[in-house]
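Asks: Sharing a structure with you now.
Taken together, the values in this text are just the output of simple stated rules run on the coordinates, not laboratory data. This is a predicted model, so every value here is computed, not measured. Note that each Cβ is placed from the backbone with ideal geometry, even for glycine, and that neighbours are counted across all protein chains shown.
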Amino acid sequence: MMRRQALESNTVVLDIGHYYAPGKGGQGARTPDASQGAQLEECEFWYRYAHVVKQVVEQAGYHCVVCNRGDIPTDPTLAEYARQTGVVQIKTPIPTAVYRSNHHSNRMAVGILSADYALDCKPGAVVFLHLNSESDSWLISNKGAFYCNPVGIQLATTMADTMNRRIFNRGLPNHGVPCGVVVRTDGHKGGGDWLNTCNDSFVPAVITEVAFLSNPEHAHYLSKSANASRFAHAIGEGIVRFMQQRKR
């Protein structure tokens, strides 16, 4: 029944990764400094550009929900983006604490409540919006990937193909390295039990660890608003292609 529900659902849930701390800003990966055009942090980036992904998904006729654990950002610009995008703020008591899933009690992780909220929406796909970082200093890293659960291989593969056709080495320098797909089932690794929780409900899920904020070429590309919008649009296009092609 859960498998059929996921296959028949027209809902996509996007989770903005990490959280915003008042007085500290976004708490995800960030650029070492602003020398490549701007200081970027992944949570703040996706508050600015999740609406692009949502628009692509909704224009294709699907229902799209955007969430983020914690409270709305105190930064007025990000707060306005959150309002316009309709971000659902999941009131995690302690954003850095480990919680047990309400859906599958054997799954525990920091940020698991985002996966729980996503499953509450009975989705056909869940996408955790992240950016990667290889180090705290500038370092050319180009092995970005969509991390997925076993039932999300088609979703991840479709999104990676779209990223390769639209973005990698077509604006965003990646030295000819294609976007990868990594199946993650180890709950002790980053995002593992988010993916496992979705997998236990037969819901395809991916984490978008595609571009590296510690890569000066990636950071320079993403610091331009038009490029960031293209990148977010490719994420949305990959989701739509999957939803249209998925096996029912």
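Asks: At 0.36 nm per residue, minus the direct Cα-Cα distance, what do Glu134 and Arg165 gain on full extension? Give it in nm, one decimal, please. Kindly include the intermediate steps, with their values, before the conclusion.
Replies: Values: separation 31, 0.36 × 31 = 11.16 nm, distance 2.39 nm.
Roughly 8.8 nm would be gained on extension.
Asks: Restricting to the chain, compute how many DSSP beta bridges are antiparallel as a %, nearest 5.
Replies: Working: 10 of 32 bridges.
Taking every DSSP beta bridge with both residues in the chain, the antiparallel ones total about 30 percent.
Asks: Continuing with this model, one more query. Which cross-chain or sequence-distant (5 or more) residues have an amide H under 5 Å from the amide H of Glu209, H modelled 1.01 Å from N in plane?
Replies: Close amide H contacts, sequence-distant or interchain: Ala145, Tyr147.
Asks: Estimate the FRET efficiency between Val183 and Met1 by the formula 1/(1 + (r/R0)^6), using the beta-carbon distance for r and 25 Å for R0, to the nearest 0.05. Display every interim value, and only then the final one.
Replies: Working: r = 24 Å, r/R0 = 0.98.
Taking R0 as 25 Å, the efficiency between Val183 and Met1 is 0.55.
Asks: Another question, if that's okay. Once the Cβ-Cβ distance between Lys122 and His175 is put in as r, and R0 is 51 Å, what FRET efficiency do you end up with, to the nearest 0.05? Could the numbers behind the result be given before it?
Replies: Numbers: r = 41 Å, r/R0 = 0.80.
Once rounded, the FRET efficiency stands at 0.80.
Asks: Once the piece of chain linking Glu8 and Val98 is laid out straight, how much longer is it, given 0.36 nm per residue of separation minus the C-alpha distance between them? Kindly include the intermediate steps, with their values, before the conclusion.
Replies: Working: separation 90, 0.36 × 90 = 32.40 nm, distance 3.16 nm.
Extra length from Glu8 to Val98 when fully extended: 29.2 nm.
Asks: How far is the Cα center of segment 31-64 from the Cα center of segment 71-129, in Å?
Replies: The two parts, judged by their Cα centres, are 16 Å apart.
Asks: When only C-alpha pairs under 8 Å and at least 6 residues apart count, what is the relative contact order of the chain, in percent?
Replies: Values: 561 pairs, mean separation 66.4, N = 248.
With pairs under 8 Å counted, the relative contact order is 27 percent.
Asks: Additional query: Using Cα-Cα distances under 8 Å and only pairs 6 or more residues apart, what relative contact order does segment 95-170 have, in percent?
Replies: Working: 41 pairs, mean separation 11.5, N = 76.
Once divided by the residue count of segment 95-170, the mean separation gives 15 percent.
Asks: Ranked by Cβ crowding within 10 angstrom, fewest neighbours first, how are Asp186, Asp75 ordered? Walk me through the numbers before you get to the answer.
Replies: On the way: Asp186 11, Asp75 16.
Going from least to most buried by this count: Asp186, Asp75.
Asks: Can I ask one more? Take Glu41, Glu8 and order them by how many other Cβ atoms sit within 10 Å, fewest up front.
Replies: Details: Glu41 20, Glu8 10.
Ordered by Cβ neighbours within 10 Å, fewest first: Glu8, Glu41.
Asks: Which order do the peptides 150-159, 26-35, 83-92 take when ranked by the mean count of other beta-carbon atoms within 10 Å per residue, highest first?
Replies: Going from most to least packed, we get 150-159, 26-35, 83-92.
Asks: Just to check, using Stokes-Einstein with a Kirkwood Rh over alpha carbon pairs, what's the diffusion coefficient of segment 2-245 at 37 °C and 0.692 mPa s in µm²/s? Can you show the working numbers first?
Replies: On the way: Rh = 17.6 Å.
Once the numbers are plugged in, D ends up at 186 µm²/s.
Asks: Check which residues have an amide H placed less than 5 Å from Cys67's amide H, if you skip close sequence neighbours.
Replies: Counting only residues 5 or more places away or on other chains, the set is Leu14, Asp15, Ile16, Val88.
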